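Undergrad: The structure is given below, and queries will be raised subsequently.
What follows is calculated from the coordinates using simple rules that are stated; it is not laboratory data. Small disclaimer: the values here were computed from a predicted structure and weren't measured. Cβ coordinates were reconstructed from backbone atoms using ideal geometry, including for glycine residues, and neighbour counts include every protein chain displayed.
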Amino acid sequence: MKHVSKQLHIKYPIIQGGMGNISNAALTAAVSEAGGLGTIGCGTMTPDEVEKIIIETKMRTNKPFALNIPINVTPFLTDMLNLVIKYKIRIVSLSAGNPAPYIPMLHEHGITVIAVIASVKHAKKAEEAGADLLVAEGYEAAGINSSLELTTFTLIPQIVERVKVPVLAAGGVGDGKGLAAALMLGASGVQIGTRLIATKDAPFHDTYKQNLIHASDTDTVIVGRSVGRVRRMLKTPYAQKLLKTEDKGMTLEEYNELTSEKQHVMGAVLGDLENGFINSGQVAGLISCVPSVKELLDNMIEEAKIQIIKSAKDFVAFTS
């Protein structure tokens with residue numbers, strides 16, 4: 001197992017997933033301050049919007065944080081890469097596209113590159129292209145997902161077996177037991193997103209947080225399968241409307257319009273669940289409280305330690 005904490009200069013092997021247009025400095029800095037790796041997601045934001053978040057994040061923390069650039073989503077790819085260099089951001093996460101053309105340039109500037117992938121094939125290609133770390137994301141995860149719909153539990157061990165760079169598990173992880181399970185599967189750490197929404201440091205609408213707290217194991221839905229754009233979100237009035245519209249027949253253009261970042265912000269930031277959606281991973285069923293980010297990460301590490309020790313003792317007792 002590779003020590004990603006040392007590689008990324010962080011305390012805990014826990015990184016924040018990119019959150020697109022609802023990214024903010026408060027949560028990013030809180031994750032980094034708590035010992036994880038905070039992440040700013042570019043989404044479809046303008047360079048000026050992302051630059052403001054970078055500046056504010058640097059004012060809130062002097063610890064490492066990453067910039068997530070969704071290659072085929074942002075209309076400002078070159079500008080985002082320039083911001084990374086301008087503000088000397090040491091870690092970049094590349095998702096939603098082929099990272100190969102951009103890795104050499106980032107490496108020239110001493111930047112560590114994380115590639116987000118969802119299959120063994122893409123993992124091997126990303127490693128060959130020079131990615132320093134991989135985030136393997138199962139379709140339990142929130143938001144935009146791979147149409148391959150591979151689960152984290154099966155995806156991680158297959159990828160770990162076939163690459164040499166460190167792999168972090170994403171999708172379905174929100175507590176210490178999930179972290180312990182990911183480590184047992186061969187991952188070197190985890191990426192979390194949904195669980196960070198329901199924290200005191202996350203500046204999202206309380207309606208979002210309360211819906212996560214009260215969610216059951218079956219309260220997320222997948223939209224977009226019919227147009228090849230898989231997205232997992234929480235079951236809300238707007239999500240139900242989307243599903244009904246999709247059942248009647250929906251074009252890709254209509255789907256993109258109905259799941260734009262405008263609707264995302266409307267649901268997550270404004271709390272309007274009639275006219276906007278809120279992303280959520282299947283981990284929502286595990287969420288029952290709203291701690292600070294520091295409390296969450298500290299508890300995850302402690303719970304993981306307890307679970308690993310307990311499992312080791314149980315295994316020894318079982319096999320002796």
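Undergrad: Taking K and R as +1 and D and E as -1, what net charge do the other residues with C-beta under 12 Å from the C-beta of ILE91 add up to? Could the numbers behind the result be given before it?
TA: Working: positive: LYS63, LYS88, ARG90; negative: ASP132.
Neighbourhood net charge equals +2.
Undergrad: Next up: Note down the relative contact order for segment 7-202 as a percent, whole number, built from C-alpha pairs under 8 angstrom at least six residues apart.
TA: Numbers: 406 pairs, mean separation 33.0, N = 196.
About 17 percent, as a whole number.
Undergrad: Counting only other residues whose beta carbon sits under 13 Å from that of THR154, what net charge do I get with K and R as +1, D and E as -1?
TA: On the way: positive: none; negative: GLU137, GLU140, GLU149, GLU161.
Net local charge, THR154 excluded: -4.
Undergrad: Sequence gap at least 6, Cα distance under 8 Å: using those rules, report the relative contact order of segment 216-301 to the nearest whole percent. Present the calculation step by step, with values, prior to reporting the outcome.
TA: Values: 99 pairs, mean separation 28.8, N = 86.
In percent, rounded to a whole number, it is 33.
Undergrad: Hey, another quick one. If you take the charge dipole of the chain about its Cα centre, with +1 on Lys and Arg Cβ and -1 on Asp and Glu Cβ, which of ALA215, ILE144, ALA34 is farthest toward its positive end?
TA: ALA34
Undergrad: Which residues does a label at CYS289 reach in segment 200-216, if reach means a backbone N under 17 Å from a point 7 Å past the Cα toward the Cβ?
TA: 200-202, 210, 212-215
Undergrad: A follow-up question, please. Across segment 210-224, in residue order, what do the Karplus-derived ³J(HN,Hα) couplings come to in whole Hz, using 6.51 cos²θ - 1.76 cosθ + 1.60 with θ = phi - 60° and x for Gly and Pro?
TA: For segment 210-224, the Karplus-derived couplings read 5, 5, 5, 4, 8, 6, 9, 5, 10, 9, 10, 10, 9, 10, x Hz, x marking Gly and Pro.
Undergrad: Another one. How much length is gained if the chain between THR154 and LYS244 is pulled fully straight, taking 0.36 nm per residue apart and subtracting their Cα-Cα distance, in nm to one decimal? Before the final figure, lay out the partial values.
TA: Working: separation 90, 0.36 × 90 = 32.40 nm, distance 3.12 nm.
In short, 29.3 nm is gained.
Undergrad: Give a residue-ordered list of calculated ³J(HN,Hα) values for segment 29-36 (Karplus: 6.51 cos²θ - 1.76 cosθ + 1.60, θ = phi - 60°; whole Hz; x for Gly, Pro).
TA: Result, rounded to whole Hz: 5, 5, 5, 5, 5, 7, x, x.
Undergrad: Suppose every K and R has +1 on its Cβ and every D and E has -1 on its Cβ; what is the size of the dipole of the chain about the Cα centre, in Debye to the nearest 20?
TA: 720 debye
Undergrad: Also, I was wondering about something else. Please compute the net charge surrounding HIS9, taking Lys and Arg as +1 and Asp and Glu as -1 over other residues with Cβ under 12 Å from its Cβ. Provide the component values of the computation, followed by the final result.
TA: Details: positive: LYS6, LYS11, LYS63, ARG90; negative: none.
Cβ neighbours under 12 Å give a net charge of +4.
Undergrad: Using amide H atoms built 1.01 Å from N in the peptide plane, name the residues 5+ places from LEU37, or on other chains, whose amide H lies under 5 Å from its own.
TA: ILE14, ILE15, GLN16
Undergrad: Also, I was wondering about something else. Using 0.36 nm times the number of residues separating LYS305 and LYS200, minus their current alpha carbon distance, what extension gain do you get? Each step should come with its number before you reach the end.
TA: Details: separation 105, 0.36 × 105 = 37.80 nm, distance 2.44 nm.
Separation in residues times 0.36 nm, less the Cα-Cα distance, equals 35.4 nm.
Undergrad: Given [x] 247; [y] 127; [z] 160, which label gives volume of the Cα convex hull per residue in Å³ as computed from the coordinates?
TA: Working out volume of the Cα convex hull per residue in Å³ from the coordinates points to [y].
Undergrad: Considering amide H positions built from the backbone, and no H for Pro or chain starts, which residues 5 or more places from SER23, or on another chain, come under 5 Å of its amide H?
TA: GLY41
Undergrad: Still on this structure, please answer the following. Report, in listed order, any pair from LYS6/LYS121; LYS88/LYS294; LYS6/LYS177; LYS63/LYS86; LYS177/LYS305 with a Cα-Cα distance greater than 20 Å.
TA: Working: LYS6/LYS121 27 Å; LYS88/LYS294 26 Å; LYS6/LYS177 22 Å; LYS63/LYS86 17 Å; LYS177/LYS305 9 Å.
Result: LYS6/LYS121; LYS88/LYS294; LYS6/LYS177 exceed 20 Å.
Undergrad: Order 199-207, 181-189 from most to least packed using the mean count of other Cβ atoms within 10 Å.
TA: Numbers: 199-207: 17.8, 181-189: 21.6.
Top of the packing list down: 181-189, 199-207.
Undergrad: Under 5 Å between amide H atoms, partner at least 5 residues away or on a different chain: which partners does THR220 have, H built in plane at 1.01 Å?
TA: LYS235
Undergrad: Tell me, what ³J(HN,Hα) does each residue in segment 155-164 have, in order and in whole Hz, if you take phi through Karplus 6.51 cos²θ - 1.76 cosθ + 1.60 with θ = phi - 60° and put x for Gly and Pro?
TA: Values, residue by residue: 6, 4, x, 5, 6, 4, 5, 10, 10, 9 Hz.
Undergrad: Can you return the lysines within cross-link range of LYS124? Criterion is Cα-Cα under 18 Å, with same-chain partners fewer than 8 residues away left out.
TA: Partners within reach: LYS2, LYS164.
Undergrad: Based on the Cβ-Cβ distance from HIS214 to HIS109, what FRET efficiency comes out when R0 is 45 Å, to the nearest 0.05?
TA: Numbers: r = 45 Å, r/R0 = 1.00.
For R0 = 45 Å, the calculated efficiency reads 0.50.
Undergrad: In what order do CYS42, CYS289 fall by count of nearby beta-carbon atoms within 10 Å, going from fewest to most?
TA: Details: CYS42 28, CYS289 9.
Sorted ascending by nearby Cβ count, the order is CYS289, CYS42.
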